[in-house]
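To start, the structure under review is shown below, and the notes come after it.
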Amino acid sequence: MPFTTLAALPAKEIFGGTIRGHYAHLDQLTFGEVNLNAGVVVPMHRHPHEQMTYLISGRFQFTVGSETAILEPGMVAIIPGNVEHGGTTLTACRVIDVFSPARDDYR
(Lines give C-alpha, C1' and ligand atoms only; values in the text may rest on other atoms or scores of the structure.)
Protein backbone atom coordinates (compact mmCIF):
# COMPACT_ATOMS: atom_id res chain seq x y z
CA MET A 1 0.00 0.00 0.00
CA PRO A 2 2.17 2.92 -1.18
CA PHE A 3 -0.45 5.64 -0.51
CA THR A 4 -2.67 6.26 2.49
CA THR A 5 -3.55 8.83 5.10
CA LEU A 6 -2.24 8.32 8.59
CA ALA A 7 -5.75 8.82 9.98
CA ALA A 8 -6.87 5.78 7.95
CA LEU A 9 -4.42 3.57 9.85
CA PRO A 10 -5.46 2.04 13.19
CA ALA A 11 -4.66 4.17 16.22
CA LYS A 12 -2.00 2.89 18.60
CA GLU A 13 -2.29 3.76 22.28
CA ILE A 14 0.98 4.44 24.08
CA PHE A 15 1.89 5.36 27.65
CA GLY A 16 -1.10 3.52 29.06
CA GLY A 17 -3.54 5.01 26.57
CA THR A 18 -2.89 8.67 27.42
CA ILE A 19 -1.52 9.19 23.90
CA ARG A 20 -2.94 7.86 20.64
CA GLY A 21 -1.02 8.02 17.39
CA HIS A 22 -1.39 6.77 13.84
CA TYR A 23 1.82 5.18 12.55
CA ALA A 24 3.09 3.93 9.19
CA HIS A 25 6.03 1.53 9.09
CA LEU A 26 8.82 0.44 6.79
CA ASP A 27 11.47 -2.12 7.68
CA GLN A 28 13.75 0.53 9.23
CA LEU A 29 11.45 3.53 9.84
CA THR A 30 8.28 4.48 11.69
CA PHE A 31 6.44 7.71 10.83
CA GLY A 32 3.50 8.87 12.92
CA GLU A 33 1.07 11.67 13.59
CA VAL A 34 -0.08 12.33 17.14
CA ASN A 35 -2.72 14.75 18.43
CA LEU A 36 -2.30 15.66 22.08
CA ASN A 37 -4.65 17.56 24.37
CA ALA A 38 -3.37 20.42 26.52
CA GLY A 39 -1.74 19.29 29.75
CA VAL A 40 -0.68 15.85 28.53
CA VAL A 41 2.47 14.62 30.23
CA VAL A 42 4.81 12.50 28.15
CA PRO A 43 6.81 10.83 30.92
CA MET A 44 10.58 10.95 30.77
CA HIS A 45 11.70 7.80 29.00
CA ARG A 46 14.35 6.42 26.67
CA HIS A 47 14.52 3.85 23.90
CA PRO A 48 17.20 2.65 21.49
CA HIS A 49 15.50 4.28 18.49
CA GLU A 50 16.62 7.61 17.08
CA GLN A 51 13.65 9.98 17.03
CA MET A 52 12.64 13.33 15.60
CA THR A 53 9.51 15.06 16.85
CA TYR A 54 8.23 17.89 14.62
CA LEU A 55 5.63 20.25 16.06
CA ILE A 56 2.92 21.14 13.55
CA SER A 57 0.73 23.14 15.94
CA GLY A 58 0.55 24.12 19.60
CA ARG A 59 3.17 24.66 22.29
CA PHE A 60 5.04 21.79 23.92
CA GLN A 61 7.58 22.05 26.75
CA PHE A 62 10.04 19.31 25.88
CA THR A 63 13.23 18.00 27.45
CA VAL A 64 15.96 16.05 25.66
CA GLY A 65 18.77 14.97 27.97
CA SER A 66 19.54 17.99 30.16
CA GLU A 67 18.09 20.61 27.79
CA THR A 68 14.52 21.92 27.88
CA ALA A 69 12.79 24.14 25.33
CA ILE A 70 9.29 25.24 24.48
CA LEU A 71 8.60 23.91 21.02
CA GLU A 72 6.60 26.18 18.72
CA PRO A 73 5.18 25.23 15.31
CA GLY A 74 7.96 24.35 12.88
CA MET A 75 10.45 23.32 15.57
CA VAL A 76 11.90 19.83 15.82
CA ALA A 77 13.29 17.90 18.78
CA ILE A 78 16.24 15.75 17.71
CA ILE A 79 16.56 12.77 20.04
CA PRO A 80 19.48 10.35 19.76
CA GLY A 81 18.91 6.73 20.75
CA ASN A 82 18.99 5.97 24.50
CA VAL A 83 18.72 9.65 25.52
CA GLU A 84 16.04 10.40 28.11
CA HIS A 85 13.27 12.70 26.89
CA GLY A 86 9.69 13.77 27.60
CA GLY A 87 7.56 16.81 28.26
CA THR A 88 4.20 18.45 28.82
CA THR A 89 1.87 20.00 26.27
CA LEU A 90 1.11 23.63 27.11
CA THR A 91 -1.73 23.71 24.57
CA ALA A 92 -3.33 21.14 22.32
CA CYS A 93 -0.59 19.92 19.95
CA ARG A 94 -0.21 18.07 16.70
CA VAL A 95 3.16 16.40 16.12
CA ILE A 96 4.91 14.18 13.63
CA ASP A 97 7.19 11.53 15.16
CA VAL A 98 9.82 9.70 13.12
CA PHE A 99 11.76 6.72 14.50
CA SER A 100 14.66 4.67 13.18
CA PRO A 101 14.86 1.74 13.29
CA ALA A 102 11.15 1.02 13.09
CA ARG A 103 9.15 0.84 16.32
CA ASP A 104 7.87 -2.73 16.19
CA ASP A 105 6.02 -2.05 19.46
CA TYR A 106 3.93 0.59 17.62
CA ARG A 107 2.77 -1.78 14.87
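Brief remarks on what is shown
- For GLU50, distant residues with modelled amide H under 5 Å away: GLY81, SER100
- Rounded to the nearest 20 debye, the dipole size of the chain about its Cα centre is 240 debye, using +1 on the Cβ of Lys and Arg and -1 on the Cβ of Asp and Glu.
- Each of GLN61 and LEU9 was given a label point 7 Å from its Cα along the Cα-to-Cβ line. The distance between the two points is 3.1 nm.
- Percent accessible area from carbon and sulfur atoms, the chain, protein chains only, probe 1.4 Å: 56 percent
- Of THR30, THR89, THR68, the one that fluctuates the most in a GNM where the chain has Cα springs shorter than 10 Å: THR68
- If you plug the beta carbon distance of ASP27 and THR91 into 1/(1 + (r/R0)^6) with R0 = 41 Å, you get a FRET efficiency near 0.70.
- Over all pairs of different C-alpha atoms, region 51-107 has a mean inverse distance whose reciprocal, the Kirkwood radius, equals 11.7 Å.
- A simple spin-label model places the labels of ARG46 and VAL76 2.3 nm from each other, with each point 7 Å out along Cα-to-Cβ.
- Rg over Rh, two decimals, the chain (C-alpha only, Kirkwood Rh): 0.94
- log₁₀ of I(q)/I(0) at q = 0.15, 0.28, 0.34 Å⁻¹ - region 27-71, Debye sum with one point per alpha carbon: -0.47, -1.43, -1.49
- Given charges at Cβ of Lys, Arg, Asp, Glu: region 1-74 dipole, positive-most of THR30, MET1, VAL40: VAL40
- Over 17 Å [Cα-Cα, region 6-55], rounded percent: 42 percent
- Amide proton proximity set for LEU90, modelled H, under 5 Å, gap of 5+: GLY39, ARG59, PHE60, GLN61
- Probe 1.4 Å, protein heavy atoms only - accessible area per residue of the chain in square angstrom: 57 Å²
- Distance between the 7 Å Cα→Cβ label points at TYR54 and ARG20: 2.4 nm.
The values are calculated or read from the model by the stated rules, or taken from the named source; none is laboratory data. None of these values were measured; they are calculated from a predicted model. We place every Cβ from the backbone using ideal geometry, glycine too, and count neighbours over all the protein chains shown. Calculation scope for accessible area: heavy atoms of the full protein, side chains included, ligands and nucleic acids excluded. Shrake-Rupley method; radii C 1.70, N 1.55, O 1.52, S 1.80 Å.
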